[in-house]
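The values are calculated or read from the model by the stated rules, or taken from the named source; none is laboratory data. Because the structure is a prediction, the values reported are computed rather than measured. Quick reminder, even Gly has a Cβ in these numbers, built from the backbone with ideal geometry, and neighbours come from all protein chains shown. Side chains included, ligands, DNA and RNA excluded: accessible areas come from the protein's heavy atoms. Shrake-Rupley method; radii C 1.70, N 1.55, O 1.52, S 1.80 Å.
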Amino acid sequence: MSETPLTQASAHLRHGANIGQSLTRHEGALKVTGQARYAADHHPAGMLHAVLAVSSIARGRVIALDVAAAKAHPGVVDVMTPAHKPPLAQDPDEKTHPFMFRLDVLQNDRVRYPNQPIAVVIAETLEAATEGAVLLAPRYETEPARTDFPAGAHFTPALVGVADPAEAHHGDVEAGLAGAARRLEAIYETPAQYHNPMEPHGIVAAWEGDTLFIDTPSQGLAMAQARIAGLFGIPPAAVHIRSPYIGGGFGSKGVFSGPQVLGIMAARLVGRPVKLVLRRGQMFGPVGHRAPTRQSFRLGADNAGALTAIGHHTVTASSQHDDFFEPAGGVSHTLYASPAIATTYEAVRLDTGTPLFMRAPGKAAGSIALESAIDEMAHACAMDPLAFRLKNYAEVEPMSGKPFSSKALRACYAQGAERFGWAKRPLAPRQMRDAAGMLVGWGMGTATFPALMFQAQARAVLRADGTGVVETGAQDMGQGAWTALGQIAADSLALDPDRVEFRAGSSDLPDAGIAGGSAHTATAGMAIHGAGADVIARLAELAMGDERSPLHGAGNAGVIARAGRLFRRDDESRSESYVAILARAGIPAIEGHGKSATDPAAQAAYAMHAHGAVFAEVTVDPDLGQLRVTRLVGAFAAGRIINPRMVQSQYYGGMVWGLSFALHEQAVIDPRSGRPMNANLGEYHVPVNADLPSIEAILVEEHDAHVNALGIKGVGEIGITGTAGAIANAVWHATGMRARRFPITLDKLIGPQDN
Amino acid sequence: MQPDRHAPPSSLSRARTRAFRLNGRAHAALVADHVLLLDYLREGLGLTGTKRGCDGGECGACTVLIDGRPRLACLTRAGECAGHQVETIEGLADGGRMSPLQRAFHERLGTQCGYCTPGMIMAAEGLLRRNPDPDEAAIRAALAGNICRCTGYVKIIEAVQSAAGSAR
């Protein structure tokens, strides 16, 4: 397998036909006609329906289930319980790597969080299974729920996020604070949030002997395949997962969840295909969430407004039984220049499902707090918030001292501010009103997200008829993988997109890594790039070595590929089509392979991040506190853009998540029972059409020679960062009231200011 | 903790033959009284374009047209449709030809993950049939009950405006 070197000389700079074009969505026609088949749309012959019974308590034991009543219900085939279930080959509480999380798959009668699966009813119809689950009428031995955040028992986690240290220091924060002309201490709180992709987690599972076929949404097919193989004691190759269309994931479909495993177990138990789909309320437990945080900032600045210290202490929460600690401090490592930075953590354990990666993990919660604190410090220094950010612009990554591989943040600030009209902003708050007498405020925030790469593989085939096939098990959850990776695939073979069949969304294809970390286009794209380049290299070798080819003897000058032909680099009048080369050689097809991974040398030398600037306008009713975002302008620089329209969509979607973070989303936990009180889409608020402001996203040009040979950073998550803080800062500018507990609801803008 | 238990009323198990029009064609079937239109379409007829996104009436993903008006299939019993016209996303295209709204959603990128899309299009279709030239506020109001978690809505509004414009 040829590994594509991470050099600056990208083959695509030569081909360049498809990348950068706004092709429409590859699978769009299927989606708008209802023909795109999501996991739960499958219905194999003989299929049964499985419905979960979930715990209505947060902590304790299930002491009775009326299995007889459920089984007596017409249509019910079987009831899976801790006492009656197929065996697993691996303890679901075992952890062997950081991406492995403990699962609740009926291993015992313990309840460790609300909405934990406690039984599965399998029936001929969905209605019968649903009724059977009700008839189980569980009885519990209930223990008091531990819900006290942030006041519960604190400890220092060993690691936060995937593997970040829980304590990091640069310079001397205490000295920086002691010597500061101005100091700010402020505490910001963010709530628990639930991913809530529109498509609930579901699975259709069918066993054929010890071979398993499943339809289920997955942001990480190879990882899911390995997880299932381990649990059921079968080889990974015996697990076939189809996941061509994912109805949103946002991180919740990144690790294989307990309910998905239960669907497979149910199919094993009854020996027939089984469909199991979560109800919306059941998604507030076993499929992850964003943990709450309480972030304490201590900032110091000198007389000129230069930061002298950033202290960022985060208290967050994990479940009682597993570890994931929201890495909110990370933003303080990268965004603003300061001679002293310290990030520290404490954590509390709660009776909840285990928190997980949720769109912009760490960064979203950290960003709204840091951007608020920076805004407060700018005000304390009597400086315009943009001028203050420029004063503290990081020329190198503050924590590590590494140069940035690229950073067009100044251009983002300038273009965003210009478009928004930021120059007209009065410095003091509560100065602007609209025609209806509403208070108007303008705020801004800096956006940032790391440019990550995971590992992936791809295969490319050029066929004798001059068409190509490119395969990698990429996952499209709406971000546009089918389209953008298809464009890279076509470019890698220097063919028009309609000449190349791009295959993705199946675990039978080469491992495309995780669709997460805003890294999928770069990761899978680089593997595809390598596979196509491998094919072209083999084809060139074939032609150049054949004296009947006009390319014969091109030697070191070599050839370039364009539109289905190879051209001599030193004489473009000499060329030959792929079809002619293969026909003369009598070869039906040429296969190439590629893989991608992070480049440790580049990682060691450079800090790699996408950046952006977001400007927000809000109106606030001065009497009622009613709050609306009326305008958002974001300007983002994320390296090479494969498909500008899809990237714009990602920015829009991310910015609306930022709006949601600032004003809407929160899980409200009943402190008595530990249950989420708003486990539905009526009361877990997300923005709807009526909440929508005018949104603009500017794509700022940026070239990065170091992140990878394609120069791609990520765009999926950055839009939340910056936006949430910009809105919070605009609320302050409108009202003069600083809300530090998110989301900012109208009760925080009227009455006593204990926000 | 007391179990929360409710026995099904005996009438729930009764099934009757129901006749209605589905996507323009006469349709008659034996349908149990308690079966929801959403589950009947999806599991009974294999019309899986209509999606379930919530536990009842919160998200709009299952929006269909009944007698030309947007209705939530998750809050409608299949039996109630007797004598009425039901239209789903599958009935919107004319043979292989996308409807103007479908084409606009496709070309304007009004769909991302696509899960809310059928419901969103059916809600918009209901709007355009009663108001062929809606302003932006009317579009937003008509789609206020349809949640999209991906797009930020901008391109959905643009798609509906575009479809309305092309019909003018």
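All of A:Leu659, A:Leu749 fail the test of being over 24 Å from A:Val331 (Cα atoms), out of contact with any His (no Cβ under 9 Å at 6 or more places or on another chain) and open to solvent by less than 40 Å² (accessible area, probe 1.4 Å), apart from A:Leu749. Filtered by the rule that a residue be assigned to a loop (DSSP other than H, G, I, E, B), within 7 Å of chain A (Cβ to nearest Cβ) and either open to solvent by 20 Å² or more (accessible area, probe 1.4 Å) or touching a strand residue (DSSP E or B) at 6+ places or on another chain (Cβ under 6 Å) (or both), region B:115-151 gives a lone residue, B:Ala144.
Filtered by the rule that a residue be in a loop (DSSP other than H, G, I, E, B), surrounded by fewer than 24 Cβ atoms within 10 Å (Cβ to Cβ), of a type outside the set (A, V, I, L, M, F, W, C) and over 24 Å from the mean Cα position of the chain (by Cα), region A:34-52 gives A:Gln35, A:His42, A:His43, A:Pro44, A:Gly46. Residues in region A:89-97 include none that are in contact with a strand residue (DSSP E or B) (Cβ under 8 Å, 6 or more places away or on another chain), in contact (Cβ under 8 Å) with a residue 24 or more places away in the chain and among the acidic types (Asp, Glu). The number of residues in region A:463-482 that are among the acidic types (Asp, Glu) and farther than 19 Å from A:Ser577 by Cα comes to 2.
Checking each residue of region A:193-204 against the condition of being among the acidic types (Asp, Glu) and more than 18 Å from the chain's Cα centre (by Cα) gives no match.
Looking only at residues of region B:21-47 that are open to solvent by less than 10 Å² (accessible area, probe 1.4 Å) and modelled with pLDDT of 95 or more, we find that the one that is farthest from the other protein chains (Cβ to nearest Cβ) is B:Leu37.
Matching residues to (1) in a helix (DSSP H, G or I); (2) touching a Ser or Thr at 6+ places or on another chain (Cβ under 9 Å); (3) away from every other protein chain (no Cβ under 13 Å):
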| residue | (1), (2), (3) |
| --- | --- |
| A:Val121 | no, yes, yes |
| A:Ala129 | yes, no, no |
| A:Ala133 | yes, no, no |
| A:Ala137 | no, no, no |
| A:Asp148 | no, no, yes |
| A:Ala153 | no, no, yes |
| A:His169 | no, yes, yes |
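For region A:32-52, the set of residues classified as in contact with a helix residue (DSSP H, G or I) (Cβ under 7 Å, 6 or more places away or on another chain) and away from chain B (no Cβ under 11 Å) consists of A:Leu48, A:Ala50, A:Val51, A:Leu52, listed by residue number. Here A:Ala423 meets each of (1) in contact with a strand residue (DSSP E or B) (Cβ under 7 Å, 6 or more places away or on another chain); (2) at pLDDT 95 or above with one exception, condition (1). Against the numbered list (1) more than 30 Å from A:Ser319 (Cα to Cα); (2) surrounded by fewer than 21 Cβ atoms within 10 Å (Cβ to Cβ), A:Arg672 comes up short only at (1). Just name the residue that is nearest to the other protein chains (Cβ to nearest Cβ) out of those in region A:478-493 that are buried (at least 24 other Cβ atoms within 10 Å of the Cβ) and within 13 Å of A:Ser243 (Cβ to Cβ). Selected residue: A:Gly478. Right, A:Ala557: at pLDDT below 95 and more than 30 Å from A:Leu356 (Cα to Cα) or not? Judged against the criteria, A:Ala557 is a match.
Is one or more of the residues making up region A:271-282 away from chain B (no Cβ under 14 Å), out of contact with any helix residue (DSSP H, G or I) (no Cβ under 6 Å at 6 or more places or on another chain) and in contact (Cβ under 8 Å) with a residue 12 or more places away in the chain? Yes, that holds for at least one residue. Summed over region B:68-114, residues that are open to solvent by 10 Å² or more (accessible area, probe 1.4 Å) and within 7 Å of chain A (Cβ to nearest Cβ) total 5. Looking only at residues in region A:53-74 that are more than 10 Å from chain B (Cβ to nearest Cβ) and surrounded by fewer than 18 Cβ atoms within 10 Å (Cβ to Cβ), the one that is nearest to A:Gln282 (Cα to Cα) is A:Arg61.
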